[in-house]
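Asker: Structure provided below as structure tokens; questions to follow.
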Amino acid sequence: MDLVMRNILVMPGNNPSMLLKAPCFNADGYIFDLEDAVFLKEKDAARRLVVKHVNKLGYKGCNICVRVNNEKGLLEKDIEAIANLDILAVIVPKCENAQIIQYVESLLDKYTINKEKKLKIMPVIESGKGVFNIQEIVGASQNIIVVHFGAGDYSSSIGANITKIGNELLFARSMIINACSIHNILAMDTPCLDLENEEVLRTEAENSRNLGFSGKIVINPRQIEIVNKVFTPSEKEIEFAKKIIKALDEASSGVISVDGKMIDIAITKKAEKILAIAKRIGVL
């Protein structure tokens, strides 16, 4: 599917004023969170609130996703409640193996009335075990469209301290990106927790894009603009990609040169990908 997901904004499922404002923020996607953002005693009320707002407001074109709980009892209640909502996907936190994805699939099959509108799945990888099993997780369902990385829980699970440089997260990020690329799935990087320093956010987003992530989770609407800019191909990138495709069409041999740079198949594929992303976003 031609999905644009440069950012996805997390919103507490128990906050009615935030849920009402969702369409105003112009994010590529929204996470209505029933998990970490909601205390145990408020789970049932939050679930009802999310269902009420989706049914009432519709959120047409907003790519609404609901992050469910991964605990026995809560997970089943969450899936039953959201299975027939007009939303994009169910986000499954703390994914550590293929079995949880298969179980979520079985719940969706059980509760979905119109099977043609079955919700997509977005696993969250946030533990050493999840990273180790990433290949089997993304291969567990053709219904998976995006994988999220959660650095906070991941670093805790392996006993790492998160640093500005981020070397301690490089292995996990690379594993996730490689697995997603094999299965043609988008990968979303962990959010930036610094809400005041725009340069920190910009640097994190640039590093994420350079590694191969499709976008970045955001936890405040103020982060959307910077993240969007980083993950949107620039005019310079688009023009260079156009030159490559044009030169390739006119070439008489397999090796071409553009602006003094040798262009091979790998660079050509990257140019095609940049133009495809730009077209989906609407800047081409």
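The values are calculated or read from the model by the stated rules, or taken from the named source; none is laboratory data. Just so it is clear, the model here is predicted, and its values are computed rather than measured. Positions of Cβ are generated from backbone atoms using ideal geometry, with glycine treated the same way; all protein chains shown enter the neighbour counts.
Asker: Kindly provide the set of residues from the range 238-284 that are in contact with a Pro (Cβ under 8 Å, 6 or more places away or on another chain) and over 26 Å from Asp2 (Cα atoms), ordered by number.
Answerer: none
Yes/no per residue for (1) hydroxyl-bearing (Ser, Thr, Tyr); (2) under 16 Å from the mean Cα position of the chain (by Cα); (3) within 23 Å of Lys94 (Cβ to Cβ):
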site	(1), (2), (3)
Phe171	no, no, yes
Cys180	no, yes, yes
Asp189	no, yes, yes
Asn197	no, no, no
Ile224	no, yes, no
Pro233	no, no, no
Ile245	no, no, no
Glu250	no, no, no
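Asker: Take the conditions buried (at least 18 other Cβ atoms within 10 Å of the Cβ) and either modelled with pLDDT under 95 or not polar (S, T, N, Q) (or both) and apply them to Phe171. Does it pass?
Answerer: Answer is no for this residue.
Asker: Next question, about the same structure. List the strands (runs of 3 or more DSSP E) inside the range 175-284, counting only whole elements, that have at least 2 residues being in the same structural domain as Met18 (by TED's automatic domain parsing).
Answerer: Passing ranges, in order: 186-189, 215-218.
Asker: Which of (1) touching a residue at least 24 places away in the same chain (Cβ under 8 Å); (2) closer than 30 Å to Val138 by Cα; (3) in contact with a helix residue (DSSP H, G or I) (Cβ under 8 Å, 6 or more places away or on another chain) is the odd one out, the single condition Ile267 does not satisfy?
Answerer: Status for Ile267: all satisfied but (1).
Asker: Hey, among the residues in the range 255-277 that are under 26 Å from Asn184 (Cα atoms) and among the small types (Gly, Ala, Ser), which one's surrounded by the fewest Cβ atoms within 10 Å (Cβ to Cβ)?
Answerer: The residue in question is Ala266.
Asker: Okay, moving on. Give me the residue from the range 102-125 that is within 23 Å of Val4 (Cα to Cα) and surrounded by 15 or more Cβ atoms within 10 Å (Cβ to Cβ) and, out of that set, farthest from the chain's Cα centre (by Cα).
Answerer: Ranking the candidates gives Lys118 first.
Asker: Any idea how many residues of the range 116-139 are in contact with a Lys or Arg (Cβ under 8 Å, 6 or more places away or on another chain) and either outside any strand (DSSP E or B) or modelled with pLDDT under 95 (or both)?
Answerer: Qualifying residue count, the range 116-139: 3.
Asker: Could you please find all residues in the range 140-159 being surrounded by fewer than 16 Cβ atoms within 10 Å (Cβ to Cβ), outside any helix (DSSP H, G or I) and on the phi < 0 side of the Ramachandran plot?
Answerer: Gln142
Asker: While we're here: Is one or more of the residues making up the range 76-91 on the phi > 0 side of the Ramachandran plot and out of contact with any Pro (no Cβ under 6 Å at 6 or more places or on another chain)?
Answerer: no
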